[in-house]
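Working notes, beginning with the structure itself.
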Amino acid sequence: MGQEKKQLTVFGYGLAVILSLTSVYLWRHHGWHIAHGMLLPCIVAMIVFTAVNYRSLRSLYKRWMSVAHFIGSVITAVILSLLFYLVFGIVGIILRLLRKDLLDRKIDRTVHSYWVNKDQVAFDPNDYTRQF
């Protein structure tokens, strides 16, 4: 099965299932209404188009995916913004209130150098293998 055929058939049958579940949900929670009944021809049309000629769904699929990509980019921006401002912002405020400087950015005019001396360790070639 080709990649395009697989994508279009999954899209067609998946959209029919989503419309079916939506119709059942609306019927159970709001009772029968003519608008709910109008979903039935759409469900049948999606199943028939997918079974008979899946290529006819190509333009609908492209539009659907462009909307999905737009929604995904908006949701990603919202989630990353919330993460940045809530997590990093709160941690930054807490560290400022506690007067913590995790990066040692304070300038001390009395020290000769900011170089941090490390302890000498004996050379071991095994330390350089499997460094991950």
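The values are calculated or read from the model by the stated rules, or taken from the named source; none is laboratory data. Keep in mind that this is a model prediction, so the values were computed, not measured. Virtual Cβ from ideal backbone geometry, glycine too; neighbours counted across all protein chains shown. Note: areas computed on protein heavy atoms with side chains; ligands, DNA, RNA excluded. Shrake-Rupley method; radii C 1.70, N 1.55, O 1.52, S 1.80 Å.
Put simply, of 68, 51, 45, 35 the only residue that is within 24 Å of the chain's Cα centre (by Cα), closer than 30 Å to residue 17 by Cβ and not β-branched (Val, Ile, Thr) is 68.
Residues in the stretch 1-19 that are open to solvent by less than 80 Å² (accessible area, probe 1.4 Å), over 11 Å from residue 46 (Cα atoms) and polar (S, T, N, Q): 7 alone.
The single residue among 64, 27 that is in a helix (DSSP H, G or I), in contact (Cβ under 8 Å) with a residue 12 or more places away in the chain and open to solvent by 80 Å² or more (accessible area, probe 1.4 Å) turns out to be 64. Please work out if residue 28 is among the basic types (Lys, Arg) and under 21 Å from residue 65 (Cβ atoms). Taking the combined requirement at face value, the residue does not satisfy it. Residues in the stretch 50-73 that are under 14 Å from residue 7 (Cβ atoms) and of a type in the set (A, V, I, L, M, F, W, C): 57, 60, 64, 65, 68.
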